[in-house]
Protein chains: 2
Amino acid sequence: MAKITVNKDLASERAKCEFNVEELTNYLDGGRENTARRRRMEDKVLSVKELRDEIPEEYLSHKEKYENAIRKAVLFYKVQKSLDDPNQSDHERIRNSYRSTITSAIFKDNSPLTLHIVMFIPAIIGQGNDEQREYWLKRAKNMEIIGTYAQTELGHGTFLRGLETTATYDPATEEFVLHSPTLTAYKWWPGGLAHTANYCVVMAILYTKSKNCGIQPFIVQIRDEETHMPLPGIKLGEIGAKLGYNTVNNGFLGFDNHRIPRDRMLMRNAQVSKDGTFTAGANSKLTYGTMVYVRVLIVNNMANLLAKAVTIAIRYSAVRRQSKLKPEDPEPQILDYVTQQHKLFIGIATSHAYSRTALWLWDHYAKVTSELNAGKLDNLPELHSLACCLKVLSSVDAAVFVERSRLACGGHGYMLSSNLPQTYGLVTPASTFEGENTVLLLQVARSLVKAWQQMLNGRQLAPSMAYLADQKQLDRWDGSVNGIIRAFQKVARGKLAFSVANFEKYQKMGLSREDAWNKASVQLTAAAESHGRAIVVQVFKTETDRIASSLSPPLRKALDQLVELFTLYWALERLGDLLLYSPLSEVDVRDMQARYEELLEKIRPNAVGLVDGFDIRDEILNSALGAYDGRVYERLMEEALKSPLNAEPVNSSFHKYLKPFMQGKL
Amino acid sequence: MAKITVNKDLASERAKCEFNVEELTNYLDGGRENTARRRRMEDKVLSVKELRDEIPEEYLSHKEKYENAIRKAVLFYKVQKSLDDPNQSDHERIRNSYRSTITSAIFKDNSPLTLHIVMFIPAIIGQGNDEQREYWLKRAKNMEIIGTYAQTELGHGTFLRGLETTATYDPATEEFVLHSPTLTAYKWWPGGLAHTANYCVVMAILYTKSKNCGIQPFIVQIRDEETHMPLPGIKLGEIGAKLGYNTVNNGFLGFDNHRIPRDRMLMRNAQVSKDGTFTAGANSKLTYGTMVYVRVLIVNNMANLLAKAVTIAIRYSAVRRQSKLKPEDPEPQILDYVTQQHKLFIGIATSHAYSRTALWLWDHYAKVTSELNAGKLDNLPELHSLACCLKVLSSVDAAVFVERSRLACGGHGYMLSSNLPQTYGLVTPASTFEGENTVLLLQVARSLVKAWQQMLNGRQLAPSMAYLADQKQLDRWDGSVNGIIRAFQKVARGKLAFSVANFEKYQKMGLSREDAWNKASVQLTAAAESHGRAIVVQVFKTETDRIASSLSPPLRKALDQLVELFTLYWALERLGDLLLYSPLSEVDVRDMQARYEELLEKIRPNAVGLVDGFDIRDEILNSALGAYDGRVYERLMEEALKSPLNAEPVNSSFHKYLKPFMQGKL
């Protein structure tokens, strides 16, 4: 790297950091080798000049943005391909790349080829029989075809059984007839579907011998391989501009009695024979696996996006000077305001909490998957519930703390050159995609209520729910991290007991089970949320203790401070719950508040070191406010000057409209 | 209006509404005549075809968006001008137009001429002497010149004394020399400054006879009136793309020893004579008035934007059907889920709360202003504190509930055709502009701490703080709305007492007053927030009681339910505070929770009627999800088809990049 001049405030922050930043980076990456591998990959990708934009994306028209994204996507794919390590298994590759965010250096708004990799290929692997895998995977992995995955419809999302697209088997021609009976049956949302993909895995209700055989997957060609024209009987287009992800090319897809050969149904699980006989799959629960996998990725992604936002905000807060603390002193760094520390340090801790939790969940997932392959399904429901819960909490918290980071940068955070608004644009959809958050919380609540009843029947509970069986009240307040974790468990247990009681009360009052459930659902979701909080704090604490034991004392101390900050922050946020369900007193509240403020003070000198430790390169941060050198104002101006409006001193609209108007001639 | 076919679910919602929707609209508008006037204005503006966009703004490039905005801005100005009622005073006009949101039908992202009207002209009125008013107002009101207001600098925002731009008086030529000594001194942010305005009110530090005479206003020509070229010594441009407000044309401005005549200093308050003698203004507090005025407008604007978001989300929730409540029933309207009601009804209530509060504050402002003109300044500090406080709370709440409305629409809320993301883009900057929220809360805290000390000295407090003097604890929990309001006051008082105690404790521990203040600031801002909550609930209750007394019983009942919902919602949100500072018990908490759920049930049949009552026309809502007719899916598709990407079945990037790539030739 060329020598750079660093803003002097940032330099002095770095000088006073109490731990070794490189050690922190290695800890986050899971070892020195992983750090080195990640950096090599970043160097390689960033050395390709054609992958950089001369004019920032935000100045292009919607159509130009897409065309530019395709240009870069094919190039990016080739560079990535050249970096694949053939000696790594898929599992290793994914686990080792959890901190890789290089894609966002190339696409502020993601790539139109993402769904091909993340959904199309896995769907073939998961749902295709051996023959289908053999044929389609080869074509897909060679990029001879580009695919996507179409499940959601214009009128139907989380509730799978509501899908309307039909696939009716015609034994006369041995074909399926795909049809969209209504406008609401149109597929809507799949990335790459609009103008990029020529194949697509389509989820549709199978009808054979006049019987509804449930939702099944079909691989469907949608565009001609030579001309790229949509095939007859297929209506395709893009769904329009969005808050973010605009270069992903989300599309719609409608069928007008479109016929496909029988072998295009993916038949790993269920099958239809030539004469139309339907054979059901062995276990429908196996499809849970993919959903869980995607949700683990989301938790991890939330941690990475939050790390990005908080890196930008902390560095900016070290450079920005504003107002007066003392009349005789110069304007202080805004990072010296305790209110600013209160806004931002929790973001650092939260990113750590979810990246730890994501890895823990990933290992849990791997274990349950290998059990599944051995035919053991016992631990699947708990895993499913955990993944739902953690997807919800991580997406909610990341959205809140990314926005808080943006707002902590004042007006400048509103500028796209800060890259904070776009980061929010990538974080917030996680609250509604891959299972809408409230629906997921209600699923978690369902698993908790079930566990509650099992407990009453004296049965053993899954490990993450075992605390529900402990009926003993806490006899005194214990303000240690472990003590607060136990109090959080009491809160979750208390809220669950309360909502179960209400659920039962409503039934006794004459409501149906379903209406009673609905009526209690505000409290049930609150109980599920509390359960999730208890888990995240505990996993963060336990995993940090386990992995950080071999670290140097200064780093260990810094990490312990983050765990404690995270715990105290949530205890103070949930005072009402703790006052109701634990022996917390007013004096204890005062004490926690004072400890929280002391912690902010202790973390303050390490704040820049902590975000430097995330080791997010300037090209990935993409932010005038957050670059390593802290040249905030110079970069803001440099970015502004890239606006095409600044290429001309006078815009043509002056002559056309403004001047005649001012002269009273319009 | 032409006859329209309304979605049958929406039609049946309307049939079951228990009050007269038109009566609600008149109540919100402040009378039948105001409703009629507003509608006439809307009809007139919307009848101008050229003001509508053929291609939605979001598909244009940044530059095209600006050019299109200028085209419409001059036209819109003329139409508006033709609607001015010469018989109305400014005060009446503004008060009567508080529910007018027609601008947003024309500009999703606001107009580049807004600052001319909202800041440039008022600055001349407020700061110019009679001669200057006479000359400049005529030119400005005739639109012979277009101006803006430049205060904020690249490196300096809320803290006025930190500004760097200098205006040095040169008695030899009787000119001021304007200069930007550094990059951070560049003016940054003013709307219209980049390519639209040719004049500008500039705030700069005045130096005369080598003395710093503080920040003063100057009217500066920045572009040639004929050619629109920036004048020599002036650097101008736009600051770049933003999260929203992209058509507002925010700009930067730097001076290189640029000279202007002496009479360009606006001299209503301070003056500089020909020989350079400086005369200070009579009372610098008078400038508070304008800040308060702008903050009142913000509170009102937040209420209007929230009304828009919640109208969209409630109508969509009545049309959207998803999942199952009962196996045998069809998919229910999502509005039937209690969790959905919990997300949205508070948004309706909050919009009502802030539109009431804004009017109350406006009348308060008018009263204090007339006192000011009579030389009485006593009530100014309280007004200032109230305006700060209500600006903060309304901007925070509106942002939260607008986002909640968007997320309650699931994935479709992420689409720009919902207009929900853009609505958030207009709401969220209110948290940082016109006084950053945390800075304002600390100002409120300062006024509260001062009041606290006055109270200890036995002095009488301003009416909105009088409750601080009541030292009596509540002896039992009173769950009525008025009882909860009193409890909120106890919370505010308790939190203030606690933070004052800490502030003093830190000083006794040896910290300077300033460091102690900083260390206590997390709690001080929390106390200020609680004070604001107490005020909003009380004003909402009192003003609704006062004004709604003449309404029909069914509407009155519906409004009372909103007041109660708002009160209970915040009580449940602030349980920890209430448990600490009021005699609330666990049983009372259960009771409130049950009442809250019952209220949701009672409001449910009126939900669509309540948002219909906001009477926001489809052209203003600009939303495929929220239109009056509920043709949600048809409109989503119609909007999608407007994307220029959909004009061609195959995008050129296929031939250029994708095909060679898929054939392995790239």
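Quick check on packing: order B:122-129, A:389-396, A:225-232, B:522-529 by the mean number of other C-beta atoms within 10 Å, highest mean leading.
A:389-396, B:522-529, B:122-129, A:225-232
Determine, from the Cβ-Cβ distance of A:Glu54 and A:Ser652 and an R0 of 25 Å, the FRET efficiency 1/(1 + (r/R0)^6), rounded to the nearest 0.05.
It comes to 0.65.
With each label point set 7 Å from Cα along the Cα-Cβ vector, what nm distance links B:Glu64 and A:Ile117?
Going by the 7 Å Cα→Cβ label model, 3.0 nm.
In debye to the nearest 20, how big a dipole does region B:58-109 give about its Cα centre with +1 on each Lys and Arg Cβ and -1 on each Asp and Glu Cβ?
80
Between B:Gln80 and B:Lys44, what is the label-to-label distance in nm when each label sits 7 Å out along the Cα-to-Cβ direction?
1.3
Positive end of the dipole of region A:114-282, charges at C-beta (+1 Lys, Arg; -1 Asp, Glu), about the Cα centre: which of A:Thr165, A:Gly214, A:Leu183 has its Cα farthest in that direction?
A:Gly214
Can you tell me the Rg and the Dmax, both Å, for the Cα atoms in region B:51-159?
Computed over the Cα atoms of region B:51-159, radius of gyration and Dmax are 16.2, 47 Å.
Cα convex hull of region B:1-62: how many Å³ per residue?
Given the Cα convex hull of region B:1-62, per-residue volume reads 172 Å³.
Where nothing but the Cβ of Lys and Arg (+1) and of Asp and Glu (-1) is charged, how large is the charge dipole of chain A around its Cα centre, in debye to the nearest 20?
That gives chain A a dipole magnitude of about 500 debye.
What are the residues whose amide H is under 5 Å from the amide H of B:Gly214, where those residues sit 5 or more places off or on another chain and H is modelled from the backbone?
When sequence neighbours closer than 5 places are left aside, the close amide H contacts are B:Leu206.
At a Förster distance of 41 Å, what's the computed FRET efficiency of B:Asn129 paired with A:Glu619, Cβ-Cβ distance as r, to 0.05?
In this case the efficiency is close to 0.15.
Expressed as a whole number of Å, what is the distance separating the alpha-carbon centroids of region B:556-592 and region B:183-205?
So the two Cα centres are separated by 47 Å.
Enumerate the calculated ³J(HN,Hα) couplings along region B:579-584 in order (Karplus 6.51 cos²θ - 1.76 cosθ + 1.60, θ = phi - 60°), each rounded to whole Hz, writing x wherever the residue is Gly or Pro.
Using θ = phi - 60°, the values come out as 5, 7, 10, 9, x, 5 Hz.
Which whole-number percentage describes the relative contact order of chain B, with Cα contacts under 8 Å and a sequence gap of 6 or more?
16
Taking +1 at the Cβ of each Lys and Arg and -1 at the Cβ of each Asp and Glu, which of B:Asn249, B:Ala280, B:Gly233 sits farthest along the dipole of region B:120-282 towards its positive end, judged by Cα position relative to the Cα centre?
B:Ala280
Can you give the Rg to Rh ratio of region B:507-666, both from alpha-carbon atoms, with Rh computed by the Kirkwood formula?
Rg divided by Rh gives 1.24.
Beyond 49 Å, how much of the Cα-Cα pair distribution for chain A remains, as a whole percent?
19
Roughly how crowded by other chains is peptide B:525-532, in terms of the mean Cβ count from those chains within 10 Å of each of its Cβ atoms?
Per residue, the number of nearby Cβ atoms from other chains is 1 on average.
When a/c reaches 1.5 or more, the comparison of a/b and b/c decides; with that in mind, is the protein assembly as shown rounded, prolate or oblate per its Cα gyration tensor?
Cα axes put the protein assembly as shown in the rounded bin.
Tell me the net charge near B:Ser405. Cut-off is 15 Å between Cβ atoms, B:Ser405 excluded, with +1 for each Lys or Arg and -1 for each Asp or Glu.
+3
Using the Karplus equation 6.51 cos²θ - 1.76 cosθ + 1.60 (θ = phi - 60°), what ³J(HN,Hα) coupling, rounded to whole Hz, does each residue of region B:161-171 give in order, writing x for Gly and Pro?
Rounded to whole hertz, the list is 5, x, 4, 10, 4, 10, 10, 9, 7, 10, x.
If amide H atoms are built 1.01 Å from N in the plane of the peptide, which residues on other chains or at least 5 residues away come under 5 Å of the amide H of A:Glu153?
A:Trp188
So how much slack lies between A:Arg139 and A:Asp170, counting 0.36 nm per residue of separation and subtracting their Cα-Cα distance, in nm?
Stretched fully, the A:Arg139-A:Asp170 segment lengthens by 8.4 nm.
Based only on the alpha carbon positions, what is the Kirkwood hydrodynamic radius of region B:120-282, in angstrom?
Every distinct Cα pair counted, the radius reaches 15.8 Å.
Could you compute Rg(Cα) / (2.2 N^0.38 Å) for region B:31-108, with N its residue count?
Taking N as the residue count of region B:31-108, the ratio is 1.24.
Rounded, prolate or oblate: which fits region B:408-499 when a ≥ b ≥ c are the square roots of the eigenvalues of the alpha-carbon gyration tensor, with rounded for a/c under 1.5 and prolate only if a/b beats b/c?
oblate
Rounded to the nearest 0.05, what FRET efficiency do A:Glu331 and B:Ala374 have when you use their Cβ-Cβ distance and R0 = 22 Å?
0.05
For region B:120-282, what number of Lys pairs, 8 or more residues apart or on separate chains, have alpha-carbon atoms under 30 Å from each other?
Close lysine pairs found across region B:120-282: 17.
For A:Lys642, list the aspartates and glutamates whose Cα falls under 16 Å from its own Cα; do not include residues on the same chain fewer than 8 positions away.
A:Asp53, A:Glu54, A:Glu57, A:Glu58, A:Glu634, B:Glu64, B:Glu238
For region A:404-416, just list the computed ³J(HN,Hα) in residue order, Karplus coefficients 6.51, -1.76 and 1.60, θ = phi - 60°, integers in Hz, with x standing in for Gly and Pro.
With coefficients 6.51, -1.76 and 1.60, one gets 4, 4, 4, 5, 5, 8, x, x, 4, x, 7, 7, 5 Hz.
How big is the charge dipole of the protein assembly as shown about its Cα centre, in debye rounded to the nearest 20, if each Lys and Arg gets +1 on its Cβ and each Asp and Glu gets -1 on its Cβ?
Magnitude of the dipole: close to 600 debye.
Only Cα pairs under 8 Å and at least 6 apart count here; give the relative contact order of region B:580-655 as a rounded whole percent.
Taking the mean separation of contacting Cα pairs over the length of region B:580-655, I get 11 percent.
Could you tell me which residue out of B:Gln127, B:Leu440, A:Tyr414 lies farthest along the dipole of the protein assembly as shown toward its positive end? Charges go on the beta carbon: Lys and Arg +1, Asp and Glu -1, centred on the Cα centre.
B:Leu440
Antiparallel versus total DSSP beta bridges in the protein assembly as shown: what percent is that, nearest 5?
Beta bridges within the protein assembly as shown, antiparallel portion: roughly 80 percent.
Coordinate-derived values only; no laboratory data. Keep in mind that this is a model prediction, so the values were computed, not measured. Note that we place each Cβ from the backbone using ideal geometry, even for glycine, and neighbour counts take in every protein chain shown.
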